[in-house]
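Chemist: Below you'll find the structure I mean.
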Amino acid sequence: MPRAVTVEGCLADCGPDSVVAVGGDMTARAVRTDGEMSVGGTLVAEVVYGSYNDQTPRAGTIRARPVIEDEHCTIAEVQADTHFDLDDYQQGYGDGVQDQLRELLVDGVFANEEDEEEQLDRTLLFARLRAGEPVFRAGGAAAH
C-alpha cells in the first residue's frame with residue numbers, strides 16, 4: 001500500500017467493484033469514486049465526488065471545496081466549503097442543493113435530462129476538470 005500519492009490531474013476509480021488504498025496522504029485535482037477508497041491520512045482535492053450506495057470512501061480528513069456524497073457515505077472528518085452529505089444531497093434533489101452548486105460552479109457543468117430542471121452533471125464537471133478548465137465561479141467559495 002503506497003504511503004502517499006500525488007495525482008497531477010483527476011483520480012477516478014474503476015467503478016463499484018474497485019478498491020483504492022493509500023496508507024498516507026493523497027492529493028489530486030479532483031477525486032471521483034464509485035468504489036471503495038481508503039486513505040490513511042488526508043485526502044486533498046478541489047472536488048471530491050462519491051456516488052453509488054454500496055461502497056464508502058474513508059480517510060482521516062478530506063479537504064476540498066465541495067464534497068458531494070451522492071449515495072456514497074463518507075467516513076472522514078470533512079473540511080469543505082460546501083459539503084453535501086447523503087441526507088442533504090439526495091441524488092441532487094435535496095432542498096437548495098442545486099442553488100448552492102450554481103453559486104459555486106460554472107454554468108458549463110449543469111445539464112438537464114429530458115424534461116427535468118438543469119442539475120449538476122458529474123460527467124461534465126469531471127470532463128472540465130480533466131481538461132484543466134475552470135469549474136468554480138469567480139468569487140465562489142474560497143479555495144483550500
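Chemist: Determine the sum of side-chain charges near residue 15: Lys and Arg each +1, Asp and Glu each -1, restricted to other residues whose C-beta is under 13 angstrom from that of residue 15.
Modeler: -4
Chemist: Run the quick spin-label model on residue 52 and residue 138: label points 7 Å from Cα toward the beta carbon, then report their separation in nm to one decimal.
Modeler: So the label points at residue 52 and residue 138 sit 3.9 nm apart.
Chemist: Per residue, how much accessible area does the chain have with a 1.4 Å probe, in Å²?
Modeler: Values: 7490 Å² over 144 residues.
That works out to 52 Å² for each residue.
Chemist: Sequence-distant or interchain residues sharing an amide H contact under 5 Å with residue 121, placed H: which?
Modeler: Excluding prolines and chain starts, which carry no amide H, the hits are 110, 111.
Chemist: Here is a further query. Cα centroids of the range 6-71 and the range 86-132: how far apart, whole angstrom?
Modeler: 18 Å
Chemist: Something else: Per DSSP H run of n ≥ 4, the term is -39500 (n - 2.57); total these for the chain, divide by its residue number, and report the mean residue ellipticity at 222 nm rounded to 500 deg cm²/dmol. Before the final figure, lay out each step's value.
Modeler: On the way: 3 runs with 21 residues, N = 144.
The helix-only estimate for the chain comes to -3500 deg cm²/dmol at 222 nm.
Chemist: Then there is this: With a 1.4 Å probe and every protein chain kept in, tell me what percent of the accessible surface of the range 1-72 is carbon plus sulfur.
Modeler: 46 percent
Chemist: Also, I was wondering about something else. Label point 7 Å out from residue 8 along Cα-to-Cβ: which residues of the range 17-34 have amide N under 16 Å?
Modeler: 27-30
Chemist: What ³J(HN,Hα) values, in whole Hz, does the Karplus curve 6.51 cos²θ - 1.76 cosθ + 1.60 give for the range 70-81 when θ = phi - 60°, with x put for Gly and Pro?
Modeler: 8, 6, 9, 5, 8, 10, 5, 7, 9, 10, 9, 5
Chemist: Restricting to Cα pairs below 8 Å that are 6+ residues apart, what does the relative contact order work out to for the chain? Please round to a whole percent.
Modeler: Details: 345 pairs, mean separation 22.6, N = 144.
Reported as a whole number, the value is 16 percent.
Chemist: Continuing with this model, one more query. Once amide H atoms are built 1.01 Å from N in the peptide plane, which residues 5 or more positions from residue 5, or in another chain, come under 5 Å H to H?
Modeler: 25, 26, 27
Chemist: In debye, nearest 20: dipole of the chain around its Cα centre with unit charges on the Cβ of K, R (+) and D, E (-)?
Modeler: Working: 11 positive and 28 negative charges, 213 e Å.
The calculated dipole for the chain is roughly 1020 debye.
Chemist: Between residue 71 and residue 116, what is 0.36 nm times their sequence separation minus the Cα-Cα distance? Round to one decimal in nm. List each step's numbers first, then the result.
Modeler: Details: separation 45, 0.36 × 45 = 16.20 nm, distance 2.00 nm.
Additional length available on full extension: 14.2 nm.
Chemist: Then there is this: Can you give me the long-range amide H partners of residue 62? Hydrogens built in the peptide plane at 1.01 Å from N, cutoff under 5 Å, separation of 5 or more residues or another chain.
Modeler: Answer set, sorted by chain and number: 43, 77, 78, 79.
The values are calculated or read from the model by the stated rules, or taken from the named source; none is laboratory data. Given the structure is predicted, the values throughout are model-derived calculations rather than measurements. Backbone-built Cβ (ideal geometry, glycine too); neighbour counts: all protein chains shown. To get the accessible areas, we keep the full protein, side chains included, count just its heavy atoms, and leave off ligands, DNA and RNA. Shrake-Rupley method; radii C 1.70, N 1.55, O 1.52, S 1.80 Å.
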